[in-house]
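The next block holds one structure in the form of structure tokens; read it before the comments.
The values are calculated or read from the model by the stated rules, or taken from the named source; none is laboratory data. Keep in mind that this is a model prediction, so the values were computed, not measured. Please note: Cβ atoms are built from the backbone with ideal geometry, for glycine as well, and neighbour counts cover all protein chains shown. Calculation scope for accessible area: heavy atoms of the full protein, side chains included, ligands and nucleic acids excluded. Shrake-Rupley method; radii C 1.70, N 1.55, O 1.52, S 1.80 Å.
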Amino acid sequence: MLTARTLTEAQIYVSLVTAADPEAPAVVPARPEPGVNVTEGPDAWVFASQAGEITIPYASERAATAVGARFGLGKSQLIDAAQWAIVSASFARRALDADMAYTGAPDQDRTIVELNWEFAADAVSEAIKFLPDGADEVPDADIWSEYGAAAKARHPHLVSRAKLHDDLEYYRGTLEDFRALYKRS
């Protein structure tokens, strides 16, 4: 059985697996929903998903929540470094689209812009966790999925230290700029 660090990581994994599988139905993967596709066990939730059953230990979810680590503590065992970089870019595209459409009008919700920039920064931070000290890029051993390997083959600098850190700086800076421009009253 697969193990995720958080429910959010499990959901991201299912989205990646279904997006990478041409045989998967072209529908949005089901979200974890207690009583529907998430059952409680003695030490963990079990998420019954299109990608199979995924265990999420309560202790792991609690620890991540306590420190604000949306996807979990430590390196992912489910999602490889290249996949995290792809997820990050996807959230950044959504954030940019929402950011460009946002005018600050009273009827607009700014949360979607902020959350997407936050998710983009958090996802690229997950890819950075795979960078060994002093290495210029993530080792190939930390890109174990076909999807991640294909993405790196198409974009050789996808998981380079320079690109990952540039992306993180851009996502955080853009979020700060957005917040400064549209201060809450």
For segment 129-153, what are the residues that are open to solvent by 50 Å² or more (accessible area, probe 1.4 Å), more than 19 Å from S15 (Cβ to Cβ) and within 18 Å of the chain's Cα centre (by Cα)?
K129
Within segment 53-73, take every residue that is surrounded by fewer than 12 Cβ atoms within 10 Å (Cβ to Cβ) and not aliphatic (A, V, I, L, M) and give me the one that is farthest from A127 (Cα to Cα).
R62
Residues in segment 98-115: is at least one open to solvent by 40 Å² or more (accessible area, probe 1.4 Å) and in contact (Cβ under 8 Å) with a residue 24 or more places away in the chain?
no
Residue hits (segment 154-185; surrounded by 15 or more Cβ atoms within 10 Å (Cβ to Cβ) and in a loop (DSSP other than H, G, I, E, B)) are H155, L158, V159, Y182
